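Peer 1: So that we are looking at the same thing, I have put the structure below in structure tokens.
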Amino acid sequence: MSNSKWNRREFLKQCSGASLAAMAAGAPIAGWLPGCKPVNKINSSADTVILLWMAGGMAHTETFDPKRYSPFEKGMDANRVLSTFPAIPTKLDGIYFSEGLENIGQVMDKGTLIRSYTAADMGHILHARHQYHWHTCYEPPQTVAAPHIGAWIAYLLGPKNPVIPAFIDIGQRFTVGEAEELKAFHTAGFLGNEFGPFLIPDPSQGLDAVRPPVGMDAKRFEKRNQLYTELVNQSPLGEFGSDYQKESLKRSMEQSYRLLNSPEAKAFNLSLEPKESYDIYNTGRFGLGCLMAKRLTQQGARFISVTTEYEPFFGFDTHENGHTRMIDMKKMIDAPIAQLIKDLEQSGHLDRTLIILASEFSRDMMVEGKPDFKVQEQVDQPDVLHDIKFYGMHRHFTDAGSVLLFGGGIKKGFVYGKTADERPCKTLENPVRIDQLHQTIYHCLGIPEETQVEIEQRPFYTTPDGKGKAIPELLIKNA
């Protein structure tokens, strides 16, 4: 089947098949297969990763790579519109962000801006497929369920604090939009349940994730857990799953019990945060997720993902009302992200914490895909604008995108990559692929590029075929 034929049903079908295959698989065999070169140990510059996920396709020209500003006028030519916000100065000389991102702009002396992220060409663009690709580094479909980057890190490094789950995901509900597609990459895949995400859909209720339901005492909770274990044993996992998968699930449950009874559980209780700090972060679920990420990092978390949440036609998925929607999205993310960086620097954690801000792809009003690889149009965009709802970045654009990196051995006050100033605002210099970005993250954590496990009697690498290479220009030498 060609890429252009892909649709939601085919994506789910393939991912479901891979999940069943992973469930039946035996334990991954860590180590180096015959014929593979020995492990080359590398020094780490980071112990913790925070992924700030701008779900839905964040337009680079409306955020961190602004172009010529064209204010809305009825009857204006749509092709004139490159940015719908004026540019504002940042802490870096000559570097501008889009209006509404003043706070993040003032901490850019502490990090790196990539302006040349290019998403993969996978035919008809589906958010689920590109999000799967970003989070796992593998293009679907796969014969096995590919692990999320957070699961790889949890598996390879283990928890930094044995009480705190190694992989924590904050802010994504599975009761909205394309739930099954999102579940396809919110998983440890063949690595096992214990390395999967500890899910906190709503950070304002984060404490509920680490205690029994209201009205249930610990003894009753223990009985409920025993019943749950019996149900699992009678489920398809219990009947068809490998011993490794069953033991992995058991260890996952044991980890939850340790957290339930530990002092570290207070990190999930945002009501303990001083009011002055809480109010800065309190821009909604994403902002409070950043606050929880700060608290968990200070308690020894290993990998934390905080998302603006993907729900079709909401958030950064700006198929209409792009300009007005972006005003609200910037209010949601600007102050909390900047405060997270400042707080971790002040507490001494930023140097060993790698923070990444990214999205699955960018947007453009006129181009779907890449200028040289256009794909099926999904949005009707009038050539002449009479209604402000068409004023903004509607189509999916994969030839450029912005990524921010802070801490963890990343250069400070650095800009990498360049895009065109006129449409199409595509990458001109230093394109960055997802395997390079992933391997840069792994490199900071001291994980070599040849890292692999054996699954289905073949090596499975952290990046496809182990070919991902870190980008040395982004790294502080000897960090």
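Peer 1: Between Asp121 and Asp421, what is the FRET efficiency for a Förster distance of 30 Å, r being their Cβ-Cβ separation, to the nearest 0.05?
Peer 2: Values: r = 24 Å, r/R0 = 0.79.
Efficiency, rounded to the nearest 0.05: 0.80.
Peer 1: Using unit Cβ charges (K, R positive; D, E negative) and no other charged atoms, how large, in debye to the nearest 20, is the dipole of the range 51-188 about its Cα centre?
Peer 2: Around 180 debye, computed over the range 51-188.
Peer 1: Related question: Does the range 70-126 classify as rounded, prolate or oblate by the C-alpha gyration tensor (a ≥ b ≥ c root eigenvalues; a/c under 1.5 gives rounded; else a/b over b/c gives prolate, otherwise oblate)?
Peer 2: Values: a/c = 2.99, a/b = 1.17, b/c = 2.55.
Oblate shape, in that a/c is at least 1.5 and b/c is the bigger or equal ratio.
Peer 1: Aspartates and glutamates near Lys67 by alpha-carbon distance under 13 Å, same-chain residues fewer than 8 away left out - which ones?
Peer 2: Reachable aspartates and glutamates: Glu99, Asp364, Asp421, Glu422.
Peer 1: So if I restrict to the alpha-carbon atoms in the range 29-180, what is the Rg, and what is Dmax, the biggest pairwise distance, in Å?
Peer 2: For the range 29-180, the Cα-based Rg and Dmax read 20.5, 67 Å.
Peer 1: Here's something else I'd like to know. Among Pro274, Val375, His319, which residue has its Cα furthest toward the positive end of the charge dipole of the range 273-420, with +1 on Lys/Arg Cβ and -1 on Asp/Glu Cβ?
Peer 2: Pro274
Peer 1: Work out the FRET efficiency for Asp351 and Asp77 from their Cβ-Cβ distance, taking R0 = 60 Å, and round it to the nearest 0.05.
Peer 2: Values: r = 49 Å, r/R0 = 0.81.
The pair Asp351/Asp77 has a calculated efficiency of 0.80.
Peer 1: Rolling a 1.4 angstrom probe over the protein heavy atoms, how many square angstrom per residue are accessible across the range 333-479?
Peer 2: On the way: 5710 Å² over 147 residues.
About 39 Å² of surface per residue is accessible.
The values are calculated or read from the model by the stated rules, or taken from the named source; none is laboratory data. Please read these numbers as outputs of a predicted model, since none were measured by experiment. Virtual Cβ from ideal backbone geometry, glycine too; neighbours counted across all protein chains shown. With ligands, DNA and RNA removed, areas are computed over all heavy atoms of the protein, side chains included. Shrake-Rupley method; radii C 1.70, N 1.55, O 1.52, S 1.80 Å.
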